[in-house]
1. Could you name the aspartates and glutamates whose alpha carbon sits less than 19 Å from that of K133, not counting residues in the same chain fewer than 8 places away?
2. Using Cα pairs closer than 8 Å and at least 6 residues apart in sequence, work out the relative contact order for region 523-677, in percent.
3. Roughly speaking, to the nearest percent, how much of the chain's 1.4 Å accessible area is carbon and sulfur?
4. Can you give the % of DSSP beta bridges in region 260-469 that are antiparallel, to the nearest 5?
5. Helix 161-172 versus the longest principal axis of the chain: what angle, 0 to 90°, nearest 10, using Cα atoms?
6. Where does each of T526, T91 land when they are ordered by accessible area, with a 1.4 Å probe and the largest first?
7. Scan around L207 for amide H atoms under 5 Å from its own, H built in the peptide plane at 1.01 Å from N, and keep only partners 5 or more places away or cross-chain.
8. Order S249, S186, S375, most accessible first, counting only protein heavy atoms with a 1.4 angstrom probe.
Amino acid sequence: MSVLQSYIAGQWFGKTEARALPSAINGEAVAYTHDEAINFGEVVDYARHTGVKNLLALDFQQRAAILKELAIYIQGRKEELYKISYHTGCTKADSWIDIDGGFGTLFTYASTGRKELPSGNVAHEGPVTQLGKGNHFNGTHILVPRRGVSVHINAFNFPIWGMLEKFAPAFLAGMPCLFKPATATSYLTEAAVRVINDSGLLPEGALQLIIGGTGDLLYRLEEQDFVTFTGSASTAQKLKNHPNIMARSIPFNSEADSLNSAILAPDVTPDDEEFDIFAKEVVKEMTAKAGQKCTAIRRVLVPAEHLDALAERIIERLGKITFGDPTEEGVRMGALSSHDQLRDVTEAIGRLQESSECVYGKNEGLRPVGKNVDSGAFMAPHLLVNHTPLNDGGPHDIEAFGPVATLMPYNSMNDALTIAAKGKGSLVTTLTTKDPSIAAEMIPVLAAQHGRLQILDAEASKESTGHGSPLPMLKHGGPGRAGGGEELGGIRAVHHYLQRTAIQGSPTMLAAVTREYVRGAKVVETDVHPFRRHFDDLQVGESLLTHRRTVTEADITNFGCLSGDHFYMHFDDIAARKTQFGKRIAHGYFVLSAAAGLFVYPGEGPVLANYGLDTLRFIAPVAPGDTIRARLTCKRKIDQGRTSPEGHPQGVVMWDVAVTNQDDELVASYDILTLVAKQK
Ligand code: NAP
């Protein structure tokens, strides 16, 4: 049996057996933790010096590209992780959530990083605010790497996803990570870290793995570091209040346990398709990963008149769930991930029964299938009913982190909202209703106490990703008991790991810092049209002020005929006189098109495509007789390391366009996105 090793300071460390980690299926040791004590001073120093230095030698775009390569690499070796994952009690479907869900999150963050982060290591969070009347003093925000270490402490239930969903945004943000997986399933995390290391894709120091306890690690953290935690509310409290974390105001993100609810709305009856959809969702959440998901449904709220019908429907479905050795054919629910967990959940069910009755799971004589399962951590699904859900305590306080849910009857929508709120802040709730007006009434009230809300009806159920699935592009984390933290949510998660700083100064200074042209900053004007410059030669701030064009009646008529837009404002003199402009004006889209006619360089050149406009505003009207001109300025360059379909390297250039009239008044303002070829 192997001794697990920590990966610290670029070396695998530890060789002496300490604690045996038993398989959830048969109780036999899968691996041992190591006995050697870790020098956390060395771990933190290595991350701070080697890790930070190597990560910041790359930029946002390069780190995003590495994430994609890493996702592809792990995907190619996933089968070896699946084999180990069975020992955590997982079925193949459960492992899919952890393993495919893990590298899937890397793919999503690779793409988010490439689309939403700039080149370099300074992210500009505009808009720039003019602070002085003359536009000489402005303010804006930048987001920069913290130059510290990110410590990730994880729960036992997602040994791979739990690591990667924290790693992806932290890595993009340029922070070296120290992972501390829950010991019980750390053998799977260790295997995944070995795969990651074998890839050779990560810069030295980007990742270290800690098997076992954290020793004096938290005392060694400093102001620019970051801690993210997933686990029980009690551990979260303890770590959040660590004296060093408090004294140095070290950001601490907490994802703790949550007594999530699912609500069957009053409009749904047992004859509706939604009734069955709801029962199916409850059973899925009770049994996926044997109920060991922080997002699993623990409290099931049902109109009192449908309590019996729903209990019957759920029990019928639970009766079809075969549980046991997940390697056996036909097994739908595996084991709890450890014997400690089995003991904890059994004890929690006992406490739940002080206020609720068990209507399924206790007396049916249910047995796990498979050979050698007697020493495994198996548990049948348990369904309870609580008849007094308006009382505090009981199922609103006790988390049985296993295949356990409690039914709760309610008499009015207000009661349902009151009962849901007794979870004191949850990760997620599913509301099943056919009626949009019920959703519109209940969801905003529920939102105050939840991190995510799923509205489930027959239409959504065709494609629903499920109550219990946090998605990389949507926020994961809830208020109150759920920890008060926030993970994922697309680019938001990367921003959590970056330092946001307000910057004040002249437009030229702000442009230099943000590497983004700011209106009013000094521009560079040369004899060469900016559209004739390759990506590599173009400078941010390079600008062209065009010749002028006087807008005529004929322009409006021609544009109306060409586009088919004969809106009264452009063609009906009497109606237009009654508007705020007092006269007919040109189409905004004409102004846009005329500006393009003014600034494009018509000949062949390195600008390959225009793929969109951002921030378009028509600021002042343009009427026949007005004379317009445009200023085109290179605003931002993003090097995504991409090539055209023919293999030619190219980059993204964003151009600032300001269209002004004869009085130098801004009439239209926007950004244009183009692809520009590189020289080499
Ligand atoms: P736990 O006992 O709180 O442990 C969580 C992590 O904290 C483990 O890595 C554990 O390491 C570590 N830890 C415990 N005491 C520590 C200390 N004094 N210093 C440093 N690290 C310490 O939780 P768990 O049993 O692993 O996970 C189950 C719980 O997590 C459930 O309550 C569940 O609701 C919650 N959870 C929440 C989410 C979420 O996203 N909100 C997700 C999954 C699970 P050891 O294993 O070595 O003790």
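1. Partners found: D663, D664, E665.
2. Taking the mean separation of contacting Cα pairs over the length of region 523-677, I get 28 percent.
3. The nonpolar share, carbon plus sulfur, comes to 51 percent.
4. DSSP beta bridges in region 260-469 are roughly 10 percent antiparallel.
5. Its long axis makes an angle of about 30 degrees.
6. Ranked list, largest accessible area first: T526, T91.
7. HN-HN under 5 Å from L207: C177.
8. Accessible-area ranking of S249, S186, S375, largest first: S249, S375, S186.
The values are calculated or read from the model by the stated rules, or taken from the named source; none is laboratory data. For clarity, every value in this text was computed on a predicted model and none was experimentally measured. Heads up, the Cβs are rebuilt from the backbone with ideal geometry, glycines too, and the neighbour counts pull from every protein chain shown. Accessible surface areas use protein heavy atoms only, side chains included; no ligands, DNA or RNA. Shrake-Rupley method; radii C 1.70, N 1.55, O 1.52, S 1.80 Å.
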